[in-house]
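The next block holds one structure in the form of structure tokens; read it before the comments.
Derivation of every value follows stated rules applied to the coordinates shown; laboratory data play no part. If you're wondering where the values come from, they're calculated on a predicted model, not measured in any experiment. All Cβ positions, even for glycine, are placed from backbone atoms using ideal geometry, and neighbour counts span all protein chains on display.
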Amino acid sequence: MTYARLKSFLLRFRDGVQGTITVEAVVIVPILFWALQATFEIFEMYRYKSVREKATYTVTDMISREQAVIDQPFLDGAKQLFDEFTNDLGENQLRVTVVTFDSSTNEYSVVWSQIRGTGPMSPLQTSDVATDHASLPTLGNGRHLIIVESWSNYEPRLNAGFEPSVPVTTRVFTGPRFVENIQCPSCTPSS
């Protein structure tokens, strides 16, 4: 085929209006279907994380308003409340930690830390937070900070190219509202 004939053929092919949309449909429909699946899955992941953040804020607020001593049943109830809010009885974990600040050493220390549920988190130790100025707020000397963290495992409903499970974590902190510090005598202090 000569150059002139090849050029003529390509120009006719480009300008041709005859035919069916079968080829285009075979190429585009799977892409559109995947995009629809991925859009649904991304929305669902954000909804999943948003619900957990709201539940973590609620548990944090509940603990910060507590004027009585916190005990093991209280923390078990906080985990149950978290599960009810998230409407998920799957693999969820909640870590509640109270941290204090010493301005003379410019370090944080853990007063107590407790875990509820199953997952990869373990109670925080003082060595984990002692110099964590980048992620913890500046506190006055002797002030306490409540940190509530959650971990859940999101499993996509559709196979749209995502991981088989995605870890979802939240972290919220606040100070006690009505008392100087949150007491938990049955909680073992973490060194």
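Applying D = kT/(6 pi eta Rh) to region 7-63, where Rh is the Kirkwood radius over alpha-carbon pairs, T corresponds to 25 °C and eta to 0.890 mPa s, the Stokes-Einstein value obtained is 155 µm²/s. According to the square roots a ≥ b ≥ c of the eigenvalues of the Cα gyration tensor, what is the shape class of region 92-152, taking rounded for a/c under 1.5, prolate for a/b larger than b/c otherwise, and oblate for the remainder? It is prolate, given that a/c is not under 1.5 and a/b is the larger ratio. Peptide packing for 133-141, 105-113, 148-156 was compared via the average number of neighbouring C-beta atoms within 10 Å per residue; ordered from the highest value, the list is 148-156, 105-113, 133-141. How are the alpha carbon pair distances in the chain distributed across 5 Å bins from zero to the largest one, expressed in percent? Spelled out bin by bin, the chain gives 1, 7, 12, 14, 13, 10, 7, 5, 5, 4, 3, 3, 3, 3, 3, 3, 2, 1, 0 percent.
Under 5 Å from the amide H of Glu107 lie the amide H atoms of Asp102, each residue being 5 or more positions distant or on a separate chain, with H modelled from the backbone and absent for Pro and chain starts. Quick one: pull the percentage of alpha-carbon pairs in region 54-146 with a separation above 23 Å. That fraction is 30 percent. Relative to the longest principal axis of the Cα atoms of the chain, helix 72-86 runs at roughly 20 degrees.
Could you please tell me the mean projected area of the C-alpha convex hull for region 28-96, averaged over all directions and given in square nanometres to one decimal? Walk me through the intermediate numbers first.
Working: hull surface 21.7 nm².
For region 28-96, the mean projected area of the Cα convex hull comes to 5.4 nm².
Secondary-structure-derived ellipticity at 222 nm for the chain, considering helices only, amounts to -13500 deg cm²/dmol, per-run term -39500 (n - 2.57) for DSSP H runs with n ≥ 4.
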